[in-house]
Amino acid sequence: QLQLVESGGGLVQPGGSLRLSCAASGFTLDDYRIAWFRQAPGKEREGVSCISSSGAITYYADTVKGRFTISRDNTKNTVFLQMNSLKPEDTVVYYCAAVRARLPFVTCLIKSGYEYWGKGTQVTVSS
């Protein structure tokens, strides 16, 4: 019953933009810290961005800082990832993850700390 579903992926040209959504069902996201991860074939899953349960605190990996923006609308039970200035190396599957916010926020991109995961959405950046 506890489920996260990503959407918004697709094909975009280099320099373009996409907005990913992570919708929760079976629980209310306002009690959860949310993160976006991504994984390319043959590589480890890496952290992209995370946001506190209230939305007051955010963090970005250096690879996306200044290009991506994480936000949440708890009234819609949804978290977003706005991706601008996309590059070919952003061509990976993106996953959202959720956990109750008990650990220090500095741990927010440690993948083992997350309890619930979506199945992912594919982003392809190509001309």
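Looking at the chain as a GNM with Cα springs under 10 Å, which of Pro41, Pro14, Pro88 has the largest mean-square fluctuation?
Pro41
List residues of segment 84-127, by number, whose backbone nitrogen lies under 14 Å from a label position 7 Å along Cα→C-beta of Asp62.
none
Write out the trypsin sites (Lys or Arg not before Pro) in segment 26-127 meeting two conditions: DSSP loop, and at most 16 other Cβ atoms within 10 Å of their Cβ.
On the way: sites: Arg33, Arg38, Lys43, Arg45, Lys65, Arg67, Arg72, Lys76, Arg100, Arg102, Lys111, Lys119; in loops: Lys43, Arg45, Lys65, Arg67, Lys76, Arg102, Lys119.
Within segment 26-127, the qualifying trypsin sites (Lys or Arg not before Pro) (loop, at most 16 other Cβ atoms within 10 Å) are Lys43, Arg45, Lys65, Arg67, Lys76, Arg102, Lys119.
Within segment 20-45, list the residues whose amide N lies under 13 Å from a label point set 7 Å along Cα→Cβ of Gln1.
25-28
At 10 °C and 1.306 mPa s, grab the translational diffusion coefficient of segment 35-78 from Stokes-Einstein with a Kirkwood Rh over Cα pairs, rounded to a whole number in µm² per second.
138 µm²/s
Hey, with R₀ at 22 Å, roughly what FRET efficiency would Ser25 and Lys111 work out to, going by the Cβ-Cβ distance, to 0.05?
Once rounded, the FRET efficiency stands at 0.50.
Hey, got a sec? Which GluC sites (Glu not before Pro) in segment 45-127 land in a DSSP loop and have at most 16 other Cβ atoms within 10 Å?
Passing sites in segment 45-127 are Glu115.
Any idea of the accessible area per residue across segment 30-104, 1.4 Å probe, to the nearest Å²?
49 Å²
Hey, what do the phi angles of segment 102-117 turn into as Karplus ³J(HN,Hα) couplings, whole Hz, using 6.51/-1.76/1.60 and θ = phi - 60°, x for Gly and Pro?
Going residue by residue, I get 10, 8, x, 4, 4, 8, 5, 10, 8, 5, 5, x, 9, 9, 10, 9 Hz, with x marking Gly and Pro.
Considering only DSSP beta bridges whose two residues both sit in the chain, what percent are antiparallel, to the nearest 5?
About 90 percent, rounded to the nearest 5.
The values are calculated or read from the model by the stated rules, or taken from the named source; none is laboratory data. Model, not experiment: these values are computed from the prediction. Note that we place each Cβ from the backbone using ideal geometry, even for glycine, and neighbour counts take in every protein chain shown. The protein model used for the area step is the full one, side chains on, heavy atoms only, and it has no ligands, DNA or RNA in it. Shrake-Rupley method; radii C 1.70, N 1.55, O 1.52, S 1.80 Å.
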